[in-house]
Amino acid sequence: MSLVRAKKSLGQHFLKDQNIARKITDSLLPVTRDVLEIGPGMGVLTRHLLVNPAFSVWAIDIDRESIEYLHAEFPEYQKRILYGDFLKMNITDLFHTPFSIVGNLPYNISSQIFFRIIENRALVQQAVCMIQKEVAERISTPFGNKTYGILSVFLQTFYDIEYLFTVGEKVFDPPPKVKSAVIRLTRNKREDLGCSEKLFFNIVKNGFNQRRKTLRNSIRSLLPPGFDSDYLNMRPEQLNIPDFIQLCQEIEKEGKTS
Ligand code: SAH
């Protein structure tokens, strides 16, 4: 079977280094039996995952050529190697109990993938992903930092995030223009926020969209008349997750009484 041609539009950069591939698959902890690999490409991770008796592995790739290649390479696993778009797949058709995600993600859609993970957090227990280094830093940075932003808050609300290791450009074919990093997300214990999730997301979004302003100005349109809080004098990066939740609860409470 000939090799898969790397397609830029699909964010394809194939990992060549077996040691790094092993390091990534070893970072996936056996906390769930079911595993979904996003974007297996030519199967550099899949190969290690399929032989691990701790896991029952599924994979989905949007590239038909890649799927044909993998079906030829791993004929006994054809039914588990799916052709499709992760962003559009109906996750609950495949999984009814918690599962883990793994993948060297297509960097151009990594944020969208994380939003899907958040939406499906009742099922996604763990995710080990290689992404652009800058995005990995942004996601894992604690509050108070310049790079703390919307995705950091949304993900950290529901996941514990570990920055595991950095990966250089040269181990890929073709090499990407940016450095990469591997992170691990583990579902935390937070369930109900005690306030509307929609309001919570809007506070975070509006706040960071105008991050130099105080929250009093950036989230003005979300505040009930007469509402005040010490948080309104702060800028969004000064709030940690419990602070955002508390602000959201205060706003909701005032909205109900006013
Ligand atoms: N895991 C492989 C390939 C990484 S490149 C390796 O490490 O070498 C990213 C892979 O994601 C490509 O195979 C690409 O076809 C696939 N991909 C891109 N967009 C996708 C999507 N929306 N859904 C599923 N797979 C996608």
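Remarks
- Complete set of residues in the range 111-154 that are of a type in the set (Lys, Arg) and within 16 Å of the ligand (Cβ to nearest atom): ARG116, LYS133
- Residue match in the range 57-78 (condition: without any contact (Cβ under 8 Å) to a residue 12 or more places away in the chain, closer than 30 Å to ASN188 by Cβ and more than 6 Å from the ligand (Cβ to nearest atom)): no
- Members of the range 221-243 found to be without any contact (Cβ under 8 Å) to a residue 12 or more places away in the chain and assigned to a loop (DSSP other than H, G, I, E, B), listed by number: ASP228
- Residue in the range 38-48 that is more than 22 Å from PRO176 (Cα to Cα) and either open to solvent by 10 Å² or more (accessible area, probe 1.4 Å) or touching a residue at least 12 places away in the same chain (Cβ under 8 Å) (or both) present: yes
- Selection of helices (runs of 4 or more DSSP H) fully inside the range 1-111 by the criterion of at least 2 residues being closer than 26 Å to LEU151 by Cβ returns 18-26, 91-94.
- Residue list for the range 208-250, restricted to those being under 24 Å from PRO142 (Cβ atoms) and of a type in the set (A, V, I, L, M): LEU215, ILE219, LEU232, MET234, LEU239, ILE241, ILE245, LEU247
- Qualifying position, being out of contact with any strand residue (DSSP E or B) (no Cβ under 9 Å at 6 or more places or on another chain), farther than 24 Å from LYS179 by Cβ and more than 10 Å from the ligand (Cβ to nearest atom), among VAL51, VAL31, VAL35: VAL51
- Residues within the range 139-151 that are within 12 Å of the chain's Cα centre (by Cα) and under 27 Å from ARG22 (Cα atoms), tallied: 2
- TYR77 vs. criteria open to solvent by 50 Å² or more (accessible area, probe 1.4 Å), over 14 Å from ALA127 (Cβ atoms) and among the aromatic types (Phe, Trp, Tyr): yes
- Across the range 89-119, the qualifying residues are those that are of a type in the set (D, E, K, R) and closer than 23 Å to ILE139 by Cα, and the one among them that is most open to solvent (accessible area, probe 1.4 Å) is GLU119.
- Among the conditions (1) in contact with a helix residue (DSSP H, G or I) (Cβ under 6 Å, 6 or more places away or on another chain); (2) surrounded by fewer than 14 Cβ atoms within 10 Å (Cβ to Cβ), the only one that GLY84 does not satisfy is (1).
- Given (1) open to solvent by 10 Å² or more (accessible area, probe 1.4 Å); (2) more than 30 Å from CYS248 (Cβ to Cβ); (3) among the hydrophobic types (A, V, I, L, M, F, W, C), index of the condition VAL167 fails: (1)
The values are calculated or read from the model by the stated rules, or taken from the named source; none is laboratory data. Source: prediction; values computed, not measured. Positions of Cβ are backbone-derived with ideal geometry, glycine not excepted, and every protein chain shown enters the neighbour counts. Each accessible area value is taken on the protein alone, full model and side chains, heavy atoms only, with ligands, DNA and RNA left out. Shrake-Rupley method; radii C 1.70, N 1.55, O 1.52, S 1.80 Å.
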